[in-house]
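To start, the structure under review is shown below, and the notes come after it.
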Amino acid sequence: MKNNAMPISVRTRPIYGVLAIITIMLGIGDNTMAQTKSTAIVKNIVLVHGGLVDGSGWEAVYNVLKKDGYTVTVVQNPTISLADDVAFTKRAIAVQNGPVILVGHSYGGAVITEAGNDPKVAGLVYIAAFALDKGESVASLIKDPPPGAPVPPILPPVDGFLLLDKGKFPASFAGDVSPEKAEFMADSQVPWGVDALGGTISEAAWKAKPTWYLLTSEDRMLPPGAQRLMSKRAGATVVEVKSSHAVYVSHPQAVAHIIEQAARGALVAAKEGATSAAAD
């Protein structure tokens, strides 16, 4: 009786061994899933400002994205010509370690439409921006505004550069920004080159890249109707915000949110698109 008895510790050792193996396997599965989820998120964000302003306006959006763990680069484009701005932006893309979400506000949309053809760009985000098509320019889209559409108070060009009337800048560009901030933006305008407005797109990146669009319903610079047409044409995922053209200043959380949405969805959307194309 005594010889036939097996100590509990010996008898249960195989069971504990199996449980340990299962635990390890489950742990590996969880880690693999976590890593897969992590690698599906694009961590590099490149922000491109529009005309009349510079990259400092992105500060609040930048802070949100950095806090959430993203690597953020703000391009300081000279806005003298579209070709130069595309070159500046592509240099910013080139130094990124991995895929990029490319974000453009206003005229910056024209820049990312061209620069977004770079193979590192995984997705595009337009913030109240010009999503142009091949052969189009900002100038060609704004030359014939629809009846009743607000007309930006652009002053006649001086030496090939444009500015907005300072007194009308707040209401047109930054209607929901604090008066003090709007006044500062008006007084710190960056002259916008006529050549930049006239630069045409050689190939629209949104035709091949997943695209998101933040539409500003109270915009008096780029009419909401025009934004709807461009975003629909681009097949973009659209989020609408009740905001002025300066949405990146007045609603930085909303802007950061759609950028992060793109960061989470761009690689998945690209993979699904490639699978669908292969099936066709």
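The values are calculated or read from the model by the stated rules, or taken from the named source; none is laboratory data. Note that the structure is predicted; figures quoted are calculated from it, not measured. Here the Cβ is made from the backbone with ideal geometry for all residues, glycine too, and neighbour counts use every protein chain on show. Surface accessibility is based on the protein's heavy atoms, side chains included, excluding ligands, DNA and RNA. Shrake-Rupley method; radii C 1.70, N 1.55, O 1.52, S 1.80 Å.
Data for the structure
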quantity: Whole-Hz couplings from phi, Karplus 6.51/-1.76/1.60, listed for the range 123-130; x for Gly and Pro; calculated: x, 10, 10, 9, 10, 6, 10, 7
quantity: Charge sum, other residues only, whose C-beta stays under 15 Å from ASP118's C-beta, Lys/Arg counted +1 and Asp/Glu -1; calculated: +2
quantity: Around THR89: net Lys/Arg minus Asp/Glu count, Cβ-Cβ under 11 Å; calculated: -2
quantity: For the range 51-197: rounded, prolate or oblate by the Cα gyration tensor [a/c cutoff 1.5]; calculated: oblate
quantity: Residue-wise HN-Hα coupling along the range 182-188, computed from phi with Karplus coefficients 6.51, -1.76, 1.60 (Hz; x: Gly, Pro); calculated: 5, 5, 4, 4, 5, 7, 10
quantity: Nearest-10 value in Å² for the accessible area of LYS66, using the 1.4 Å probe; calculated: 90 Å²
quantity: Part-to-part distance (alpha-carbon centres) for the range 179-207 and the range 211-250, which is given in Å; calculated: 16 Å
quantity: Largest to smallest accessible area among ASP176, ASP144 [probe 1.4 Å]; calculated: ASP144, ASP176
quantity: Accessible area of ARG264 in the full protein assembly, 1.4 Å probe (Å², nearest 10); calculated: 110 Å²
quantity: Solvent exposure ordering (accessible area, 1.4 Å, most first) of TRP206, TRP58; calculated: TRP206, TRP58
quantity: Heavy-atom accessible area per residue - the range 189-280, 1.4 Å, Å²; calculated: 46 Å²
quantity: Carbon and sulfur %, accessible surface of the range 80-183 computed with the full protein complex present, 1.4 Å; calculated: 60 percent
quantity: Whole-percent pair-distance distribution, where bins are 10 Å wide, for the alpha carbons of the range 147-248; calculated: 14, 35, 38, 13, 0
